Amino acid sequence: MSQQLITRPRLPDALRAQRDFILVDGSSSMTTNWWPLMEAVETYVQTLRKNQTQTFITLTVFSGTDLEMEQRNEPIDQWRSVIDSPIVSTWGDTPLYDAINVMARRLRDEDP
């Protein structure tokens, strides 16, 4: 059985921008750490802005009731602060490996 390389067309490097995917644990064990985590996410985004990084950010929360609760999907210049405009969770179980699998498949399909 021979393996065949599948190539996908890519934008030239000059036209490619950074792409950020943030996967947040929204399980019940995170309730006490939620706001420090939001501060860390906001600090990351503000650092990107300070460095004038052109990026498109997708922020997804996962828990046992939903593996892919997309909370933000926008270019950095339209970013809404997660402190001023909070994201939400359902505080279920912690299906970490399942959520990573979902995000990895999304990355593969989008081929940023």
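Quick look at the values:
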read-out	value
Some residue of the stretch 5-17 being loosely packed, with under 12 Cβ neighbours inside 10 Å and either acidic (Asp, Glu) or at pLDDT 90 or above (or both)	yes
Pairs where the first residue, in the stretch 24-42, is farther than 14 Å from residue 65 by Cβ and the second is open to solvent by 80 Å² or more (accessible area, probe 1.4 Å) and outside any helix (DSSP H, G or I), C-beta under 7 Å, 6+ apart	31/91
Out of 47, 94, 60, sole residue that is β-branched (Val, Ile, Thr) and surrounded by fewer than 16 Cβ atoms within 10 Å (Cβ to Cβ)	47
Condition check for residue 44: at pLDDT 90 or above and not in a strand (DSSP E or B)	yes
Only listed residue being over 12 Å from residue 23 (Cβ atoms) and of a type outside the set (S, T, N, Q), chosen from 41, 88, 61	88
Some residue of the stretch 49-56 being outside any helix (DSSP H, G or I) and among the charged types (D, E, K, R)	no
Residues within the stretch 57-105 that are in contact with an Asp or Glu (Cβ under 9 Å, 6 or more places away or on another chain), part of a strand (DSSP E or B) and modelled with pLDDT under 85, tallied	1
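Condition check ((1) touching a residue at least 24 places away in the same chain (Cβ under 8 Å); (2) among the hydroxyl-bearing types (Ser, Thr, Tyr); (3) out of contact with any strand residue (DSSP E or B) (no Cβ under 9 Å at 6 or more places or on another chain)) across all residues:
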| site | (1), (2), (3) |
| --- | --- |
| 60 | yes, yes, no |
| 64 | yes, no, yes |
| 73 | no, no, no |
| 79 | yes, no, no |
| 82 | yes, no, no |
| 89 | yes, yes, no |
| 100 | yes, no, no |
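The values are calculated or read from the model by the stated rules, or taken from the named source; none is laboratory data. It should be emphasised that the depicted structure is a prediction, and the values quoted were computed from it without experimental measurement. Neighbour counts run over all protein chains shown; Cβ positions are idealised from the backbone, glycine included. All accessible areas refer to the heavy atoms of the entire protein, side chains included, with ligands and DNA or RNA removed. Shrake-Rupley method; radii C 1.70, N 1.55, O 1.52, S 1.80 Å.
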